[in-house]
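Trainee: Starting off with a structure, shown below.
The values are calculated or read from the model by the stated rules, or taken from the named source; none is laboratory data. Computed from a prediction, not measured in an experiment: that's the story for all the values here. Note that we place each Cβ from the backbone using ideal geometry, even for glycine, and neighbour counts take in every protein chain shown.
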Amino acid sequence: MTGEHSDLIREGKVKRVLSDPASPDTIIIEFTDAVTAGDGAKRAEMLGKGKLACETSLLLLRYLQQRGIATHLVEKLDGPRLRCRRVEILPVEVVCRNIAAGSVCRRYGIEQGTVFKRPVVEFFLKDDALGDPLVTPEVAVQMGLATEDELAFIRSVTLSVNYYVRELMRQVKLTLVDFKLEFGRTPEGELLVADEISGDTMRVWDETSTSLDKDLFRKSTGDLVSAYVELLERLVSADTKAVGPRTERIVVEVMPKRGVKNPPGEVTMKALRRLGMKGVQDVRVGKLFVISLDRPVSPALMRELEAMNLKLLSNPVAETHHVRL
Ligand code: UDP
């Protein structure tokens, strides 16, 4: 049931996006029972799979929202359907990996199961014709897919999602191997975690390194629906409150505006020259504020930082400020 006045906006491989009769600012995402792999080359229908992916996404998106991560989720509707904010989806897929599996092994010859010392964040261009290639941040910026600051924001939010989901899974003896996120831009220009987070978009291993995710379908190694039931049951039983907050470090850089006299810079420049350093043309001295917080980066936090910059950290007449994530 899709509701009488819902129009189909987009038919995806495993989900439908419908207009929301209740508001132009929201859409309805309907999860189907389709499963696909290899960019649609392998395809099947599995009864109940849509409902499970929907419930898993709902649980994780709600949990992330409770931890301060901004997502597109508004509420659950009847059936395998979620009401979500209407956003413009960025044409980049963001993958975060704790353990090597899948394309990173094929691309670099890294052995599957290798534990990364720090989580790895990768960007992929969403382009079926090109086979969704890996894209470096520099190229993504050149292509106008996102600005440098937006990519830094996306990276920070992705690492927070990784931390909160990984620690939640640890409570129930599951290992988060990797996952894919999509981000959407609101009409106000704010970035939200969008799309789904389910066994279709993650790799999750149980205590025997058995997959509870779409790899079962990709490799034909087990029953996907019963694995998704197990994944959801374990997540439901996990104690969200037992996961402590992740500390976020934000650097605010304040610099004198170009053309504004900067006596400390001039003194330093003279001293460097006096000490024999050759080629020194100019020195500007600014300030750095390193702020540690127990909440993740979000559009609301960025707004607060901007207000604090103007009120307290910088003098907007004589200084520029930049938030580095
Ligand atoms: N992933 C996804 N959609 C994609 C590509 C990847 O949800 O179009 C997920 C995938 O399920 C895995 C992670 O992103 O959890 C990393 O996938 P990888 O780059 O290893 O590609 P794969 O080998 O799975 O195609």
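Trainee: Look at Thr221 and say whether it is part of a loop (DSSP other than H, G, I, E, B), at pLDDT 95 or above, of a type in the set (Val, Ile, Thr) and within 15 Å of the ligand (Cβ to nearest atom).
Mentor: The answer is yes for Thr221.
Trainee: Would you be able to say whether some residue in region 238-255 is in contact (Cβ under 8 Å) with a residue 60 or more places away in the chain, surrounded by 15 or more Cβ atoms within 10 Å (Cβ to Cβ) and more than 24 Å from Ser160 (Cα to Cα)?
Mentor: yes
Trainee: May I ask you to list pairs of residues, at least six apart or on different chains, whose Cβ atoms are under 7 Å apart, with the first in region 200-216 being in a loop (DSSP other than H, G, I, E, B) and the second being near the ligand (Cβ under 6 Å from one of its atoms) and hydrophobic (A, V, I, L, M, F, W, C)?
Mentor: Hits for this filter: Thr201/Phe179; Asp213/Met202.
Trainee: What do you reckon, is Gly102 of a type in the set (Gly, Ala, Ser), within 11 Å of the ligand (Cβ to nearest atom) and either farther than 22 Å from Leu18 by Cα or without any contact (Cβ under 8 Å) to a residue 40 or more places away in the chain (or both)?
Mentor: It is true that Gly102 is of a type in the set (Gly, Ala, Ser), within 11 Å of the ligand (Cβ to nearest atom) and either farther than 22 Å from Leu18 by Cα or without any contact (Cβ under 8 Å) to a residue 40 or more places away in the chain (or both).
Trainee: When you scan region 37-46, do you find a residue that is within 14 Å of the ligand (Cβ to nearest atom), out of contact with any Ser or Thr (no Cβ under 9 Å at 6 or more places or on another chain) and part of a strand (DSSP E or B), even just one?
Mentor: Yes, region 37-46 contains a residue that is within 14 Å of the ligand (Cβ to nearest atom), out of contact with any Ser or Thr (no Cβ under 9 Å at 6 or more places or on another chain) and part of a strand (DSSP E or B).
Trainee: OK, next. Only one of Phe153, Phe179 is surrounded by 21 or more Cβ atoms within 10 Å (Cβ to Cβ), within 16 Å of the ligand (Cβ to nearest atom), closer than 24 Å to Pro299 by Cα and among the aromatic types (Phe, Trp, Tyr); which?
Mentor: Step by step, each of Phe153, Phe179 is checked, and only Phe179 is surrounded by 21 or more Cβ atoms within 10 Å (Cβ to Cβ), within 16 Å of the ligand (Cβ to nearest atom), closer than 24 Å to Pro299 by Cα and among the aromatic types (Phe, Trp, Tyr).
Trainee: Quick check, is Leu212 within 16 Å of the ligand (Cβ to nearest atom) and under 25 Å from the mean Cα position of the chain (by Cα)?
Mentor: Criteria met by Leu212.
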